[in-house]
Each structure stands twice: as C-alpha cells, then as structure tokens.
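Report on the following structure.
The values are calculated or read from the model by the stated rules, or taken from the named source; none is laboratory data. Just so it is clear, the model here is predicted, and its values are computed rather than measured. Here the Cβ positions follow ideal geometry from the backbone for every residue, glycine too, while neighbour counts run over all protein chains shown.
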Amino acid sequence: MYLGLLDRLGEQLGLEDELEDYWQANSDRGPLLRWMGALREVVLARLSAPIVIFIDEIDAVRSLPFSPMSSSPPSANATIVAPMRRHSAA
C-alpha cells in the first residue's frame, strides 16, 4: 500500500526515480518508516513550496469489522494538491 502511494506521489511530482531509489535503498525499514522517510528526505527536500497530500482511506475504514458495507481489502488513494504559492499584498 505505501509503495503504491509513493508511486502515485512520484508520478504527480516528477520524482519517480528518486522515490524508487529511496525505497530500495531503505529496504531494511518497514513500509511506514520508508514512506515517512521518503516524504521527508526526498519530497520535502526537493520542493520549495508547501505541499498538501490528501489520502482517502475510506475503503480501509469500510473493511473494518464494525462496517457492514464491504469486505474488500483496504486500499488508499493519494491526491496531490498543487504546491501553494504565497501572494504578496500589492
């Protein structure tokens, strides 16, 4: 799941190779630590503007035992909101 999210993030930000390299170079870490490290060390290190990442995990919530809606495996989608630019007052 984390690698899939990282792939989508890389595609949208043009950082596919860098994120894949980070993921492979840190194979001794668990998926969550690799995801967080990739965000910190690759994405944030290369962007000069703030970024917003929205992760929709409704499928994961629906698959929990208290939900009668679905028994499908959890999945998540990431949407990258374009980097925000600050506007100076004229």
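Here are the numbers for the structure shown:
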{"item": "Among the residues listed as Leu5, Leu19, the single one being touching a residue at least 40 places away in the same chain (Cβ under 8 Å) and assigned to a helix (DSSP H, G or I)", "result": "Leu5"}
{"item": "Residue match in segment 28-47 (condition: modelled with pLDDT under 90, in contact with a Ser or Thr (Cβ under 9 Å, 6 or more places away or on another chain) and loosely packed, with under 13 Cβ neighbours inside 10 Å)", "result": "no"}
